[in-house]
1. Suppose the filter is surrounded by 18 or more Cβ atoms within 10 Å (Cβ to Cβ), at pLDDT 85 or above and among the aliphatic types (A, V, I, L, M); does VAL129 pass it?
2. Does ALA66 count as aliphatic (A, V, I, L, M) and modelled with pLDDT under 95?
3. For GLN77, which of the numbered conditions (1) open to solvent by less than 30 Å² (accessible area, probe 1.4 Å); (2) out of contact with any helix residue (DSSP H, G or I) (no Cβ under 7 Å at 6 or more places or on another chain); (3) at pLDDT 85 or above; (4) not acidic (Asp, Glu) fails to hold?
4. In segment 105-114, which residues are in contact (Cβ under 8 Å) with a residue 60 or more places away in the chain and either out of contact with any Leu (no Cβ under 8 Å at 6 or more places or on another chain) or of a type outside the set (A, V, I, L, M) (or both)?
5. Just the residues that are open to solvent by less than 10 Å² (accessible area, probe 1.4 Å), closer than 28 Å to TYR59 by Cα and modelled with pLDDT under 95, please, taken from segment 81-121.
6. Starting from segment 12-40, keep only residues that are open to solvent by less than 90 Å² (accessible area, probe 1.4 Å), then list their pairs with residues that are assigned to a helix (DSSP H, G or I) and of a type in the set (Phe, Trp, Tyr) whose Cβ atoms are within a distance under 7 Å, requiring at least 6 positions of separation or different chains.
Amino acid sequence: MQGTGDTKPQAKCGKSRFALWLTLALCVFLIDQWTKQVIVSRFYYGEFLRITDFFNLCYLKNTGAAFSFLSDAGGWQGPVFIALALAVSFALLYWIYKECDKAKTAFPLALIVAGALGNALDRIFRGAVVDFLDFHIGAMHWPAFNVADIAICSGAALLLFFELMRRPR
């Protein structure tokens, strides 16, 4: 019956569109995990392989957050970062579900979810995040990072960019 309030609220888009964003997140997550596994299986911890004058592949671990923030905090930070990544990921998945018809929202959020879960899985099973991309100029090195970090930063940058482009000037 119409008008009785018995109808369930509908998502703004179909399940197939939501599945598309989940598939994207899963693909990025799997690429992240695969690249980390390749590094762990072929490099010794701390090993660097020079690729160009400004780029190395390496095998490093980060127990902290971005730029090794809190890496020397004594170990309590690992479970906190795992819980935070899981909570944020579930919140972002809900946001994707609600906005899955808006690619400018769902696409960046899917990247952030993939990256957050990729690094959380490392913390759960490896005790730290595996980093392996090392850019440098001479002896000055940018902190090493991984595919999950690229996904998180790209997603956040795209979300900000799309939001700034949406607002009237």
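1. On the way: surrounded by 18 or more Cβ atoms within 10 Å (Cβ to Cβ): yes; at pLDDT 85 or above: yes; among the aliphatic types (A, V, I, L, M): yes.
Yes; evaluated as a whole, the condition is true for this residue.
2. Numbers: aliphatic (A, V, I, L, M): yes; modelled with pLDDT under 95: yes.
So ALA66 passes the test.
3. Just one mismatch for GLN77, condition (3).
4. So the first thing to find is which residues in segment 105-114 are in contact (Cβ under 8 Å) with a residue 60 or more places away in the chain, and the list is 106-107, 109-111, 113-114.
The answer is ALA106, PHE107.
5. Across segment 81-121, the qualifying residue is only ALA120.
6. Filtered contacts from segment 12-40: PHE18/TYR97.
The values are calculated or read from the model by the stated rules, or taken from the named source; none is laboratory data. Bear in mind that the values here come from a model prediction, so they are computed numbers and not experimental data. Note that we place each Cβ from the backbone using ideal geometry, even for glycine, and neighbour counts take in every protein chain shown. Quick note on the areas: whole protein, heavy atoms, side chains included, nothing else; ligands and nucleic acids left out. Shrake-Rupley method; radii C 1.70, N 1.55, O 1.52, S 1.80 Å.
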